[in-house]
Amino acid sequence: MFKFFKLLFLMTLILGSIISISSVSWFYSWLGLEVNLLSFIILMKTPSNKYSSESISKYFMTQAMASFILLFSIMVFMNSLEFNFELNYFSSIMASSAILMKMGAAPLHFWFPEVASSISWNMNFLLLTWQKVAPMILLTYLMMIPNMMILFIITSGIVGSIMGLNQVCLRKILAYSSINHIGWMLASVMCSTNLWMIYILVYSMMNLVIINMLKYWKIFFISQMNKIKNNLNKILVMMNFLSLGGLPPFPGFIPKWMVISSLSKSLFFFLTFFMIIFTLITLFFYLRITFSSMTLYTNNSMMMMNNSYKLFPSMLALLTFTPVVFLSMMLM
């Protein structure tokens, strides 16, 4: 059932992010983040989900802590204009840490998987995609500290890959996958803002398709992957998860290829090698998900087209195939 207040707060959620990234003052940027926070908390509350209150408390406390640190760093930054460069450097470190905590980058990720595992699929999509847009753009406005950025990129790669290995909840797997992708996004921000925009766009499309599929079949754990009966649906799920892992020639490989190329041109060879190695680990648990859907016993027959065997109806599934055409054109 459609509820008007959800549309209203979805609009204020988007408005808060737009205010944050388009303002000329850091105070108004902080204000936009707070509007975004309050709107998202209201959207998280669902009467049918008994864990929503717990997830709201965890999300609010973490975001409030990050907002306090950001506001304090803004005050320090304003005072630093009258003193010396070192205070400016210190305030940039504090503001960057607060923004990275807001988006869930490791090692400040402690709240992210727990919140993601307790909310609906629709809220998961917003948490994994839109809630990263404003903090990531604000990060580009700050003084870029390469050593700090490299530290967060490496820790996000390690945590996102290693911690996802022992998970059976698909929402937690997507959360740890998002932490790994945050490392790639931070690397793309170091190279170019346009490169980050391409990465977040492709990543959002992949998440949109995967979350739509899992929501359609009401799948929350790996053991429930046998709900997918049709062979074509199984292949479609497999292709989307492999695309999320960045396996060529799927669409998810295109932005990673561009990031690898930009990092190599900037002589970050060790960082590039490190990120590729830990992305291979994420591919392992994506393959585990696809193997469970492909190999668990179901009475498959392509001639059976009843309700349990119908194809995934969304036209969003075409997003799995169309970027492969563009990749082929680029290679020609």
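The values are calculated or read from the model by the stated rules, or taken from the named source; none is laboratory data. It should be emphasised that the depicted structure is a prediction, and the values quoted were computed from it without experimental measurement. Here Cβ is always computed from backbone atoms with ideal geometry, including for glycine, and neighbour counts include all displayed protein chains. With ligands, DNA and RNA removed, areas are computed over all heavy atoms of the protein, side chains included. Shrake-Rupley method; radii C 1.70, N 1.55, O 1.52, S 1.80 Å.
May I ask you to list the residues in the stretch 32-59 that are open to solvent by 70 Å² or more (accessible area, probe 1.4 Å) and either assigned to a helix (DSSP H, G or I) or under 29 Å from F77 (Cβ atoms) (or both)?
Once the filter is applied, which keeps residues that are open to solvent by 70 Å² or more (accessible area, probe 1.4 Å) and either assigned to a helix (DSSP H, G or I) or under 29 Å from F77 (Cβ atoms) (or both), the stretch 32-59 yields L38, E54.
I281 - would you say it is among the β-branched types (V, I, T) and either outside any helix (DSSP H, G or I) or surrounded by fewer than 17 Cβ atoms within 10 Å (Cβ to Cβ) (or both)?
no
Only one of (1) open to solvent by less than 30 Å² (accessible area, probe 1.4 Å); (2) outside any helix (DSSP H, G or I) fails for Q63. Which number is that?
(2)
Quick check on the stretch 250-267: of everything there that is over 15 Å from M185 (Cα atoms) and buried (at least 20 other Cβ atoms within 10 Å of the Cβ), which residue is farthest from the chain's Cα centre (by Cα)?
Looking at the filtered set, the residue picked out is F250.
Can you name every residue in the stretch 226-249 that is over 17 Å from I200 (Cα atoms) and surrounded by 23 or more Cβ atoms within 10 Å (Cβ to Cβ)?
Of everything in the stretch 226-249, those that are over 17 Å from I200 (Cα atoms) and surrounded by 23 or more Cβ atoms within 10 Å (Cβ to Cβ) turn out to be I228, V237.
Go through the stretch 89-170 and tell me which helices (runs of 4 or more DSSP H), entirely inside it, have 3 or more residues that are farther than 21 Å from K58 by Cβ and open to solvent by 10 Å² or more (accessible area, probe 1.4 Å).
133-141, 146-162
Among the residues of the stretch 320-332, is there at least one that is open to solvent by less than 60 Å² (accessible area, probe 1.4 Å), part of a helix (DSSP H, G or I) and either modelled with pLDDT of 85 or more or under 30 Å from N166 (Cβ atoms) (or both)?
Yes: one or more hits.
Being in contact with a helix residue (DSSP H, G or I) (Cβ under 9 Å, 6 or more places away or on another chain), open to solvent by 60 Å² or more (accessible area, probe 1.4 Å) and either among the hydroxyl-bearing types (S, T, Y) or not in a helix (DSSP H, G or I) (or both) is the filter here; which residues of the stretch 20-31 pass it?
Within the stretch 20-31, S22, Y28 qualify.
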